[in-house]
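Please read the structure below before turning to the comments.
The values are calculated or read from the model by the stated rules, or taken from the named source; none is laboratory data. Remember, predicted model here, so these are calculated numbers, not experimental data. Here the Cβ is made from the backbone with ideal geometry for all residues, glycine too, and neighbour counts use every protein chain on show. Side chains included, ligands, DNA and RNA excluded: accessible areas come from the protein's heavy atoms. Shrake-Rupley method; radii C 1.70, N 1.55, O 1.52, S 1.80 Å.
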Amino acid sequence: MNTTREHALVRKAAGGDEEAMEALIRAHQDSLYAFVLRMSGRPETAEDIVQEAFVRVLKNLARFDNRFRFSTWLFTIAKRLYMNSIQKLGPSYDTQVVEVRSASDPGPGLNTARTEADRNVRALLDTVISGLGPQQREIILLFHQQNWPIAQIARHLQIPKGTVKSHLHRGRKRMRRLIQASCRMNRQAQEVFS
Amino acid sequence: MSLSWPPPGGQDRNVDGVDESMIFAELARPLRGLDFTDRIMQRWRRDTGRLTHRMRLGRWLGGAIVGFAAIAIVVAALMVGSGERVSGPTIPAALRHDWNRHGQTIGRTIKSIQQLSPHLPAQPNVAPLPGAGEQPGPDEPSEAKTSGRVGQA
């Protein structure tokens, strides 16, 4: 959705147009849910946060500043809610639950081997993501999952662009190390069982 | 610093048989299937309905308070302007009235007690007045005569 259409929808929604509100929800719910799920590692928490974030946004649409992207505003509110939930529940990452939830519908055309390979990749991704620090994880997710440009991430996190790039670089390095460590462990396990 | 993925050169692409680009492809894959639209809209309607109700109640209460205050001010202004006093006894007047009544009652009681109590006999040690037992002389007018005269006068 381009910015002009998004702003038009926001204006309509702020005027009480429920169809515009639903269009905004449908346009952003998947990406927001994916982001919060990867950040929190808890599907129930992610669902609650997504709903709460949208309700808050809908209630305060009149305050939306047209200079920014709607998604930036929405993600900022969701991040605040996520931080609050961490304070209440404590940071924990349930990789199995994330894996099951994301693998709930593998699709009809996939054979068993392919599904198995996908499951392994998903499991590895969950392990790697959970091994990152909160800020590195957020930057990696915003860049690679949400396809946000560096400038938008920097504005969203209120840090310089150089810091974002540095976090990205270190985050990828850490991910690579975690992937290597995980593969090494798998290989050792295979050797033990064979 | 390279920001594209996978990094140029491809030396990190295959780590023990796992293509790292697969990890990022999986990361970028959208999670579909969950639709929150109805739940969000229901919550929004409920919350805004509650908010509207609360605002309406607040407005009504605010109006009532302002109206009451205005009426009180107008009545007070009218009373001060016309110089009227509150009809009926005031608290100080009522207290004064009660005090007087109780004072009278107590006075009457004391008087009754004085009337009912026996009179004390004359004191024996009191010396008689000089000339109290003597007969008056022919030249001196008797008390009866004097009093009679006085009475006649």
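Here is a yes/no grid of residues against (1) open to solvent by 20 Å² or more (accessible area, probe 1.4 Å); (2) more than 13 Å from chain B (Cβ to nearest Cβ); (3) more than 23 Å from B:Arg50 (Cβ to Cβ):
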position	(1), (2), (3)
A:Thr3	yes, yes, yes
A:Ala23	yes, no, yes
A:Arg26	yes, no, yes
A:Val50	no, no, no
A:Ala53	no, no, no
A:Ser71	no, yes, yes
Screening A:Gln136, A:Gln96, A:Gln87 for residues that are modelled with pLDDT of 80 or more and surrounded by fewer than 13 Cβ atoms within 10 Å (Cβ to Cβ) leaves only A:Gln87
Conditions first: (1) open to solvent by 40 Å² or more (accessible area, probe 1.4 Å); (2) of a type outside the set (Lys, Arg); (3) under 20 Å from the mean Cα position of the chain (by Cα). A:Pro160 passes all but one, so which condition is the exception? (3)
Is region A:167-185 home to any residue that is touching a helix residue (DSSP H, G or I) at 6+ places or on another chain (Cβ under 8 Å) and within 29 Å of A:Thr3 (Cα to Cα)? yes
Return yes or no: is B:Arg54 open to solvent by less than 100 Å² (accessible area, probe 1.4 Å) and under 30 Å from A:Glu52 (Cα atoms)? no
Hits in region A:163-186 - residues which are of a type in the set (Lys, Arg) and loosely packed, with under 14 Cβ neighbours inside 10 Å: A:Lys173, A:Arg177, A:Arg184
Take A:Arg114 and decide whether it is surrounded by 12 or more Cβ atoms within 10 Å (Cβ to Cβ), at pLDDT below 85, touching an Asp or Glu at 6+ places or on another chain (Cβ under 6 Å) and of a type outside the set (Asp, Glu). no
